[in-house]
Structures are given as structure tokens and as C-alpha cells.
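One structure is given below, encoded as C-alpha cells.
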Amino acid sequence: MEFLLKIPSKALNFIVAARTKLRAGYHFKSEWWIAVITPLVLIATRIRAGHNNKRTRTALLFLALATPISGLGQNVALIYDESSRYQRGFVETLSSQLSTTAVHLKHINSVSLSTDALKKDLPDIIISLNDQSSRQLIVSKLQTTTFHALTTLSRSRHIAPCLPDCLTVLPNHLFFVLDQPVARQLSLIKLINPAIKNIGLIVTEHSSPYWLPQQIKPHAYSINKYITEAKSIRYQIDTISQSSDAILAVADTDIYNASTLSQILLTSYRYKTPVIGFSSGFIKAGALSGTISTLQQLAQHLAECLRLLESADAEKKRSLIYPKYFKVVSNRGVAKSLNLHFPSDQKLTSILSGNETTR
């Protein structure tokens, strides 16, 4: 035990600095390392405060080592719009999944968000479910790791134009988007109808990065990509439907919204061109099929990142994070009209999940 009573001054300075970083939201590689360093931080703080005799050092050592690791939970600031039923549902689901963990959620209504208050509180992690709040957080230049969830690539690029790669510009910001991975949607198309070769894709400048060349090479599809503005979609959908075997819709509300959806679906149906959708409502309205993620699945993915610091660190290697969990939803009435026959949604989900697991 004597070596612990001879901690050099430089080591004490290092430990106190580590304590400051912990409070500021900087995390070490694992909870084990935090559990080791925390007792030393406690000792260093007390010694620097003047408790420097042998008895005090020894007592503090045993007190620190007796501190339960479970007390080292993460403090997470959860920002959302309380008037949004969708966001409230996600918050309830996430809270339930974290109820037995050491993650402590502090609910903040986006209407009363104060970035100055956040800078004083210094939470370990911030979660933003509201685009306006996300904009405030980015402008504030907070260094705390921030998860932006329940958003899309197109909406996120309005506030973070550097996406899909913001590791240099916004290294502490991770965007958990609702968009499904390109490879997943293409794999679904192949399972539904292997004869499809030409795929129509309509994007705006904000959703254009969704489709990167390296994502389609393994699938050998011919992509008809149209970059357009919302006001022009009505004039292009006819051409796209005629020249494509299928249309892959992206989660861009500048293109797919209440005023355009019916025309897009009716025109594609007239040319017998199936549409692969991105939400259950879209598919119910007339799209053929698509992979979607429920609130429970989205919350499960985010909860895993919060529970495991090492997983969160791994996610930091990329700015854009697609849903990990999903299911296939199909409109069998549309499939029958198009004379398409393919496995059940449960079977399709199982096949796609299995393929992703083995990669």
C-alpha cells in the first residue's frame, strides 16, 4: 500500500485533469477503465484539498474502492418536442428500454432549450429528437457527444451540409437517420423480383448523397438518377415511370409529400412500375414494399449505443448511422395487381437480416 501514499505531484495533476474531462463528457475506452480511474480521481481531489496525511490517504483509498461501479452511470440530456406524439412515443420507448441500466435521462422540452444551461450541466451525452434543437446545438459548438435521432438525411443536411461525412467538421455529432440503407433496399428488390434491372431514383440536392456509387456495385443495377426540385417532380414522374423497372423512393419530403404522393403512385401504377417505399404509411397508400424501422427498433438501436460506451465509440467512426433493426412491409393488394408473387414479409425480413449478419 505504500506506493499509493507516494503518488507524485505530476500524477495527481493528471488524475485531476482526468476528472475534469470526465465531467466535460469525454469518455475512456471502457467502463472498466473508468471504474479504475475514478477512485484515483477521488483520492487526488481530496489530497489537493489538503487531506494529505497517511491515515486520510488510506481511508480514502478504501472508500474509493468500495464505491459501486453502478453509480458511474451516464447522464443523458434528452431533448424533444413535448407536443409531438411521435417524439413522445419514442421517448417512452427509449426510457423503458433504459429503465434497468445506469443511464439517467434528463428530459428537456425543445421549446425551453438553453444551450447555456447545457454548457453548465455538462451531460455525458445529448440526444436531440427535434431538428430545430439540433440546429441550436450545432451552432452552440458544444463538445459533448450528440445523437440526432428521428431525422432523415435530407433534413439533416439542411443543418449539417457536410453529411454524409462530418467527422472533420462535426466530430461529436452522430445522425441516426430514418433512411434505410441502400444495400438493404436493393436486396429487397432482388428478392421481390429478380428481373428488375433499371431502377429510378428521384432525389433533391439534400438527399442526393443517399445514393453513392460504391453502394450499388455489388447489385449490378442500372440507376436512373434524377436530381430535381419539389416543384418539378410532377413533370418528371411520367418519364421516370416509363424508363424504370422500379422506383426506389427516398425519405425526402420535398419530393414525397401529401401534395405529390398520389400523383407519383397513380402514374407509376399506370405504367406498372412498382414503387419501393420508406414508411408503412407510404406502402399502405400504394407502394409495393419496403424495409422500415419501428419506434421500438429505433429506440433499441440507440439504447444499445448508450449502454455500451465502446459501441458508441465505434459509431463515432461515421457521422451517418442507418437503422440496425428493421422489418419488411408489403402491400399485397398492389403485388396482386402487378402480378408479383414473393415470400411473406416475415420471411423476407428473416432473409435480409440473415444476409446482413453474415457480412
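For this structure, a couple of remarks:
- Structure note, pairs Lys141/Lys231; Lys120/Lys317; Lys141/Lys225; Lys141/Lys324; Lys284/Lys327; Lys231/Lys317: Cα-Cα distances above 26 angstrom occur for Lys141/Lys231; Lys120/Lys317; Lys141/Lys225; Lys141/Lys324; Lys231/Lys317.
- Amide H partners (placed H, <5 Å) of Thr151, local residues excluded: Leu178
- Annotation: amide H-H contacts under 5 Å for Gly290 (H modelled 1.01 Å from N, sequence separation of 5 or more, or interchain): Gly277, Val329.
We did not get these values from a lab; they are worked out from the coordinates using the rules stated. Given the structure is predicted, the values throughout are model-derived calculations rather than measurements.
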